[in-house]
1. Please list 3J(HN,Hα) in residue order for the range 36-41, calculated via the Karplus relation 6.51 cos²θ - 1.76 cosθ + 1.60 where θ = phi - 60°; whole Hz, with x for glycine and proline.
2. How do Asp140, Asp181 stack up against each other in accessible area, from largest to smallest, with a 1.4 angstrom probe?
3. Could you tell me whether the range 26-91 comes out rounded, prolate or oblate from its Cα gyration tensor? Rule is a ≥ b ≥ c as square roots of the eigenvalues, rounded for a/c under 1.5, then prolate if a/b exceeds b/c, otherwise oblate.
4. Considering only DSSP beta bridges with both partners in the chain, what is the antiparallel share in %, to the nearest 5?
5. Keeping the other protein chains in place, figure out the carbon and sulfur percent of the accessible area of the range 84-131, with a 1.4 Å probe.
6. Quick one: Karplus J couplings for the range 108-114, per residue in order, coefficients 6.51, -1.76, 1.60, θ = phi - 60°, nearest Hz, x for Gly and Pro?
7. Where nothing but the Cβ of Lys and Arg (+1) and of Asp and Glu (-1) is charged, how large is the charge dipole of the range 141-251 around its Cα centre, in debye to the nearest 20?
8. Per residue of the chain, what 222 nm ellipticity follows from adding -39500 (n - 2.57) for every DSSP H run with n ≥ 4, rounded to the nearest 500?
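The values are calculated or read from the model by the stated rules, or taken from the named source; none is laboratory data. Keep in mind it's a predicted model, so treat the numbers as computed, not measured. Note that we place each Cβ from the backbone using ideal geometry, even for glycine, and neighbour counts take in every protein chain shown. Protein only, heavy atoms only, side chains kept; ligands, DNA and RNA dropped before computing areas. Shrake-Rupley method; radii C 1.70, N 1.55, O 1.52, S 1.80 Å.
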Amino acid sequence: MKVLATYNIKGGVGKTAAAVNLSFLAARAGARTLVWDLDPQGAATFYFRIKARIKGGGKQLIRGKGDLDGQIKGTDFTNLDLLPADFSYRHMDIVLDDAKKPTGRLRKLLKPMAKQYDYLVLDCPPSISLVSEAVFRAADVLLVPIIPTTLSLRTLEQLLTFRADSGLAGVSVLPFFSMVDRRKKLHRTILETLPAEVPELLTTAIPYASDVERMGLQREPLGLYAPRSKAAKAYEALWAEIEEKLVIGNQ
Ligand SMILES: Nc1ncnc2c1ncn2[C@@H]1O[C@H](COP(=O)(O)OP(=O)(O)OP(=O)(O)O)[C@@H](O)[C@H]1O
Ligand SMILES: [Mg+2]
């Protein structure tokens, strides 16, 4: 099982859109995939038309006392399951802080899932916290959407520094451009210059597109309601690129 986390310190950069669309593509290609919506806002859960609620609350689950398996919901799609968000996840930092070895907590929780799933996708809330550290320890890969602006580049640097300082070099970071608007000069400039500075940067960029925004109305992955759109094709190319990296990483 590979654990992928869509992560960025910044909010509103396309983490959830990526988690939903990429996990849909993984499942469609036959991989047994589980999405864990770690964001108390529950956007990924909403997109999959599932109720954002963990029976008994998120606290028990994080403490390893809940029945993780029993909380998993099937989505409308073959091979694709969801562990829903819960509003109590907003306190996850505190719950982790009370735990022994807090940063290894998620990793330990997820271990038994390896038999059932090929991919586990963690959709993370925007922050840098104990939860992030736990995610960094649990994940094999962080998928990091980057809007091509100066501030976004700074947060990518912060993330890379945090990874180095926390001794978490084991998790690979795969940044990719998100919400790209090629009419903007700044976007075009950063698109041209960043690859030389960030060797891990994926080559596929997700365009800014109203088709992606419509996910909120459609409440389903882009590949279903706009399969031929530029954005849907971009997610396909992005997923192909990520899978290729995972294969190389295994060798
Ligand atoms: N490529 C895109 N083009 C246009 N709109 C997009 C695109 N990607 C995401 N959006 C829209 O931008 C908003 C934020 O996207 P999304 O929820 O995926 O970001 P996020 O990083 O998960 O946000 P948060 O930090 O709140 O979890 C949503 O309304 C979404 O529909
Ligand atoms: Mg989100």
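1. Calculated HN-Hα couplings, in order: 10, 7, 8, 8, x, 5 Hz.
2. Final ranking, largest accessible area leading: Asp140, Asp181.
3. Prolate shape, in that a/c is at least 1.5 and a/b is the bigger ratio.
4. 5
5. Exposed carbon and sulfur together represent 57 percent of the surface.
6. For the range 108-114, the Karplus-derived couplings read 5, 4, 7, 3, x, 5, 4 Hz, x marking Gly and Pro.
7. 480
8. -12500 deg cm²/dmol
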